[in-house]
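Here is the structure we will look at, set down as structure tokens.
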Amino acid sequence: MLQLVSHIPHHNSIRNIIFDFGGVICDIDISLSEHKFKEFGPVKTFSAGSPEAPSLIFEKLVDQLETGGISSRDFRDTIREHYLSAPSDEAIDEAWNALLLGIPRHRIRLLEKIRDHYHIFLLSNSNEIHYRKYLHAFRQKFGYRDFSKLFEKAWFSFQVHMKKPEKEIFEFVLSDGGLLPGETLFIDDTLIHIESARRIGINGYHLQQGTEITDLFRIQR
């Protein structure tokens, strides 16, 4: 029988497990996208009326994209405006998707075992451009039509117009999934997300660098 390892808080009462995606199921490396964007060349000089650094502007743009506040087209157009030599849509998507390293097969195989013993869910801060990229790979590599075929429900921030660590997205997930917080475990690699979930009673596990979800389960014979 598959069980959570003993250092998971209240592991004997857990019935539901919510998994983060990037950094937990899918490997990512943000520096790869940063490097790709630098290959587009110099950015335009900002006027005194626009004192924000390009990095802060980009952070706000990503936040809008991940909450569905702007479309993928608007995202690309805004990115393009900031470079002296405007990159194409394809180049922008390639740079933005460079951070996605892929989903290791052994993690999906573990999830397939876990769902025989727990109700499993997915909660991700994501955006349409990334979603299309890893959904295609998920279909090609593992044969699932979409994430709802592996998970009971899959929530993506750009679709629900909320994102972690906002309290509202965790309240929404509990309501939409019909979940009791005390019976639910949330696994994420970002501590602030875990802390937010814990504040409304969800059990949280911070998956730190060098740790795998495969380390959190054991098979008892």
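Just so you know, all these numbers are worked out from the coordinates, no wet-lab data involved. Given the structure is predicted, the values throughout are model-derived calculations rather than measurements. All Cβ positions, even for glycine, are placed from backbone atoms using ideal geometry, and neighbour counts span all protein chains on display.
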Q) So what is the diffusion coefficient of the range 73-181 in µm² per second by Stokes-Einstein at 4 °C and 1.567 mPa s, using a Kirkwood Rh over Cα pairs? A) 81
Q: Could you calculate the contour length gain from residue 161 to residue 206, that is, 0.36 nm times the residue separation minus the distance between their Cα atoms, to one decimal place in nm?
A: 13.8 nm
Q: With +1 on each Lys and Arg Cβ and -1 on each Asp and Glu Cβ, and nothing else charged, work out how big the dipole of the chain is about its Cα centre, in Debye to the nearest 20.
A: 800
Q) Can you give the extra length, in nm with one decimal, that the chain gains between residue 80 and residue 135 once fully stretched, where that is 0.36 nm per residue apart less the Cα-Cα distance? A) 17.3 nm
(Q) Amide H of residue 26 versus every other amide H placed in the peptide plane: which residues, excluding those fewer than 5 positions away on the same chain, fall under 5 Å? (A) none
Q | Listed residues 201, 23, 178, most fluctuating in the chain (Gaussian network, C-alpha, under 10 Å) | A | 178
(Q) Per residue of the range 65-81, what does 6.51 cos²θ - 1.76 cosθ + 1.60 with θ = phi - 60° give for ³J(HN,Hα)? Whole Hz please, x for Gly and Pro, Karplus curve as stated. (A) 5, 6, 10, x, x, 9, 7, 4, 5, 4, 4, 5, 4, 5, 4, 4, 4
Q) For the range 106-114, what does the Karplus curve 6.51 cos²θ - 1.76 cosθ + 1.60, with θ = phi - 60°, yield as ³J(HN,Hα) per residue in whole Hz, taken in order and with x for Gly and Pro? A) 5, 6, 5, 5, 5, 4, 5, 7, 4
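Could you estimate the translational diffusion coefficient of the range 77-137 from the Stokes-Einstein equation, with Rh from the Kirkwood formula over C-alpha pairs, at 4 °C and 1.567 mPa s, in whole µm²/s?
Working: Rh = 14.3 Å.
The estimated diffusion coefficient comes to 91 µm²/s.
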Q) Can you give the translational diffusion coefficient of the range 30-97 in µm²/s, computed by Stokes-Einstein from the Kirkwood radius over Cα pairs at 10 °C and 1.306 mPa s? A) 127
